[in-house]
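Okay, so here's the structure we're looking at.
The values are calculated or read from the model by the stated rules, or taken from the named source; none is laboratory data. Every value quoted in this text rests on a predicted model; they were computed, and no experiment measured them. Glycine also receives a Cβ, built like all others from the backbone with ideal geometry; neighbour counts cover every protein chain displayed.
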Amino acid sequence: MNTEIIYSNKTLYVKLNGDIDHHSAKYIREEIDRELYKYQPETVIMELSAVEFMDSSGLGLILGRYTKVNLLGGILKVANPNDRIEEILKMAGTDKLIPIEKGVKYI
């Protein structure tokens, strides 16, 4: 798993590459949270176009960041998940809380 994080114009862009599972979720969570508290962005965009696999740890990662971002007064968006990842998000009801944007290039 590779994570690229860029802060610009009050937005934290988080591009995830690879699999999000119980092995990688803790590392990703710590990395994102460190940047959340450092910058306290108005918007966080999680770019998922390069994520091939996600289990319940990935859902927990996304929902946990949603909670933290809301507590900081911001909003979280998920961008460009592939069809498989989007289906997982929708089956879990995540799309009811977190906007899913497709076809948008951020990073």
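Against the definition (touching a Phe, Trp or Tyr at 6+ places or on another chain (Cβ under 7 Å) and either of a type in the set (A, V, I, L, M) or surrounded by 14 or more Cβ atoms within 10 Å (Cβ to Cβ) (or both)), how does Pro81 come out, yes or no?
No; evaluated as a whole, the condition is false for this residue.
For segment 34-61, what are the residues that are buried (at least 21 other Cβ atoms within 10 Å of the Cβ) and not hydrophobic (A, V, I, L, M, F, W, C)?
Those that are buried (at least 21 other Cβ atoms within 10 Å of the Cβ) and not hydrophobic (A, V, I, L, M, F, W, C): Pro41, Glu47, Gly58.
Please go through segment 1-24 and give me each residue that is of a type in the set (A, V, I, L, M, F, W, C) and at pLDDT 95 or above, ordered by number.
Result: Ile5, Ile6, Leu12, Val14, Leu16, Ile20.
For the structure I just gave you, tell me whether Tyr13 is under 10 Å from the mean Cα position of the chain (by Cα) and aromatic (Phe, Trp, Tyr). It would help to see each step written out before you state the result.
Values: under 10 Å from the mean Cα position of the chain (by Cα): yes; aromatic (Phe, Trp, Tyr): yes.
Against the criterion (under 10 Å from the mean Cα position of the chain (by Cα) and aromatic (Phe, Trp, Tyr)), Tyr13 qualifies.
Take the residues in segment 89-107 that are surrounded by 16 or more Cβ atoms within 10 Å (Cβ to Cβ) and out of contact with any Leu (no Cβ under 7 Å at 6 or more places or on another chain); name whichever of them is farthest from Thr3 (Cα to Cα).
So the residue we want is Leu89.
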